[in-house]
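Data block below; observations after.
The values are calculated or read from the model by the stated rules, or taken from the named source; none is laboratory data. Just so it is clear, the structure is predicted and the values come from calculations on it, not from any experiment. Don't worry about glycine lacking a Cβ; one is built from the backbone with ideal geometry, like all the others, and counts go over all protein chains shown.
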Amino acid sequence: MIDASTQELTSPSQVELLTLSVVPSFARLVLLPNLTTIEGDPRDLQVEIEIDQTVARLSSARIGVRYGIGRWPGVSAKPLFDEMLVPVASAKIASEIGKSGSAERLLDFPLMLDTPDLGWRAWFATSQINYLPRRIDRIFSDYDLVLRAAGSGLGIALLRHPLGSALADELKLVQVSDIQIPSPTKFFVVSQLGARTKAIDKAISRLIAVCEDL
């Protein structure tokens, strides 16, 4: 019994610690609802969530999730999922727009944006409109705030499917245009270049699997 207890005390923990640096919207909409899956069953990872908007400070015990086109220098970046963009609004605004609103009609209402606003620019470009943010539009620091603003009746948001679909359903947002386009940007899981630990490999593979099921 003494030998067994001593071995248990001196053996390394089977739960490996890993820091995952993420933007707030990804943490709220994807990571937290799926954290137990990423940590494993039985749990062999402990994921510490760090809210951080940069790609700096990656290490053998820290990886990140970033949103963009994936061309960050000095890191390995794997795409997580593609997104489709479609305008949505509250039921009241949707009734004012009518069915299948045109791009020109949507410009009669405030647009909800997060930073950067590449989504709206790409969406309007399909209708040959060079969109630039206007005084009536509202800019928010993170994406789920954009959807909540639209749900409050403040204007029209771009639903990024599948990222925001569950929240859009919860807020009872209504599609206000038939125009849907692929997003020019997406989420990537990023890690430092070179050899990676087993913990990082497990976390990345599980995160990719979770995102495939969104």
Problem set entry | Odd one out for Glu39 among (1) assigned by TED's automatic domain parsing to the domain that holds Pro162; (2) acidic (Asp, Glu); (3) in contact with a strand residue (DSSP E or B) (Cβ under 6 Å, 6 or more places away or on another chain) | (1)
Exercise. Where residues in the range 156-170 are of a type outside the set (D, E, K, R) and over 14 Å from Val86 (Cα atoms), which of them is surrounded by the most Cβ atoms within 10 Å (Cβ to Cβ)?
Worked result: Leu167
Exercise. Here are Gly101, Gly70: which of them is in contact with a Pro (Cβ under 9 Å, 6 or more places away or on another chain) and in the same structural domain as Trp123 (by TED's automatic domain parsing)?
Worked result: Gly101
Exercise. Out of the range 106-129, which residues are surrounded by 15 or more Cβ atoms within 10 Å (Cβ to Cβ) and not hydrophobic (A, V, I, L, M, F, W, C)?
Worked result: Pro110, Asp114, Asp117, Gly119, Arg121
Problem set entry | Boolean, Gly151 is surrounded by fewer than 21 Cβ atoms within 10 Å (Cβ to Cβ) and on the phi > 0 side of the Ramachandran plot | no
Exercise. Out of curiosity, is Arg57 surrounded by 13 or more Cβ atoms within 10 Å (Cβ to Cβ), assigned by TED's automatic domain parsing to the domain that holds Ser205 and among the basic types (Lys, Arg)?
Worked result: no
